[in-house]
Each structure stands twice: as C-alpha cells, then as structure tokens.
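Readers should treat all values here as calculations from the given coordinates under stated rules, not as data from a laboratory. All values derive from a computational prediction rather than experimental measurement. We place every Cβ from the backbone using ideal geometry, glycine too, and count neighbours over all the protein chains shown.
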C-alpha cells in the first residue's frame, strides 16, 4: 500500500526567457509518498534542477500547483518560502554551498539557528555519524570534497526535515567518496523517515530507489524497474 503523499505536483510548467524561450518543465504531475526514496534521472538540460528548485520554493512555476506536507508551495511569499525551507526541507547541493568562514560544526548548526533551536550536542552527534568528529573545528577549505559533502548532508538533515532534495550530490566526487556519500544520504533519510528526491546518474543510487522518474525535455516519464535493470 502506498504511503500518503508528501509531495504533490499538478500540471506544473516552467519556461525561461519569456515568450519563445526555453521550456524547462511541461505539464508535470506526480505524487510522492512520505518516506519514499525517488530517483530523478535524465540528460543534462532536461529540467531536473528546475523541478527541485520549484519544490524547494527557490523558484515559482508559470502554471500548476505544488503542495508539500500540506503547504501550497507555489503560493508562498519570499518570507514564507524561507520559513518553509527551514521547517520542512533539507537541500544537498552538488557544489556543497558550505560557508567557508565557519567550522564544520557551525555549518551544521546553521539550519538549527535559523529555526532558533541551536543544539551543539546534536550537531556534534551528526558529525560523529558522518565520521568527521575529529574534524569539527576544520573549515570547508581544510576538508576534502567528500568530507565537505558529508557535512552538507548533515546540515540538510539537522532539523529532521520531512523532505530532502539532493541535486547530483556525488557529481564532483571520485567513485569511492561518491558511494560513501550516497550510502550516508540514503541511510540517513531512511532512518529519519524523510522523503528523498535524488538527482543522480549513479547506478547504485538508482537501483536503491523506490520510484524512478525520468525527465526528457521537460516531460516526465515513469520508467520503473526496467530502467534500473538496464544500468
């Protein structure tokens, strides 16, 4: 039995550049249940990042409706969108997006501070979970790419968000670090019951997903298990 939906998109379209511009998404509709792990695949430029940005309320659709955990995302003001991300969404960027002046510990604390619930003990525990307890005072430039991405994952789950969005989080890593980071991300979301939407080309991540969506020129398809078996 499918779990109740956490993310609902209805006939969502998005274009850039005005009339005659680039169509990023075209009439996209789907539902994702609570706690489900969804892989989003497709060639470069197919609209994957645009889709994540719309769900995160970092951008707004031209048409259609997006509801996440009961929130009508496409109707939020800028202030409400920031509060929505703080309360309900964790984001893992391919480029890490850590604050270079802050330590690993303080980077993890950031979303807790935004929620006015800073908990240094929890941040320290997350560092231990990601295997970086001895690097808590190191700043991002002093960490390897794999270490930075693990800190980014810890930051994304710091507030136990209902939804985690990860945009090719292993794209800048070697194979060994990529597998480690992907395993950590998937395991953390499973343990916390978070819904995970992962953009990736990694076959391991794709085969681990509950659902696979494919985007091509902004149109969503549902290739399912047959797609994973071909990888």
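The Kirkwood hydrodynamic radius of region 1-68, based on inverse pair distances between different Cα atoms, is 12.7 Å.
Taking the longest Cα principal axis of the chain as reference, the axis of helix 175-192 is set at about 80 degrees.
Pulled fully out, how much extra length does the chain show between residue 72 and residue 27, if you take 0.36 nm times their separation in residues and subtract their Cα-Cα distance?
Values: separation 45, 0.36 × 45 = 16.20 nm, distance 1.74 nm.
Between residue 72 and residue 27, full extension yields 14.5 nm more.
Going by the alpha-carbon gyration tensor, a ≥ b ≥ c the square roots of its eigenvalues, is region 1-125 rounded (a/c under 1.5) or, if a/c is not under 1.5, prolate (a/b greater than b/c) versus oblate? Prolate. This ranking places 16, 96 by how few other beta-carbon atoms lie within 10 Å of each, fewest first, which gives 16, 96. Model label sites at residue 120 and residue 60, defined 7 Å from Cα along the beta-carbon direction, differ in position by 4.1 nm.
Bridges between two residues of the chain, per DSSP, are antiparallel at a rate of about 50%. Extension gain, residue 83 to residue 221: 0.36 nm times the residue separation minus the Cα-Cα distance gives 46.5 nm. Summing -39500 (n - 2.57) over the DSSP H runs of n ≥ 4 in the chain and dividing by its residue number, what mean residue ellipticity at 222 nm do you reach, to the nearest 500 deg cm²/dmol? Mean residue ellipticity at 222 nm (helix-derived): -10500 deg cm²/dmol.
Counting other beta carbons within 10 Å of each Cβ, put 214, 176, 125 in order, fewest first. Each step should come with its number before you reach the end.
Working: 214 18, 176 9, 125 13.
Exposure proxy ranking, most exposed first: 176, 125, 214.
For Cα pairs less than 8 Å apart in space and 6+ apart in sequence, what is the mean separation divided by the residue count of region 5-229, i.e. the relative contact order in percent? It rounds to 28 percent for region 5-229.
Given (i) 64, 42, 28; (ii) 50, 43, 39; (iii) 62, 54, 32, which label gives Cα extents along the principal axes in Å as computed from the coordinates? For Cα extents along the principal axes in Å, the calculated option is (ii).
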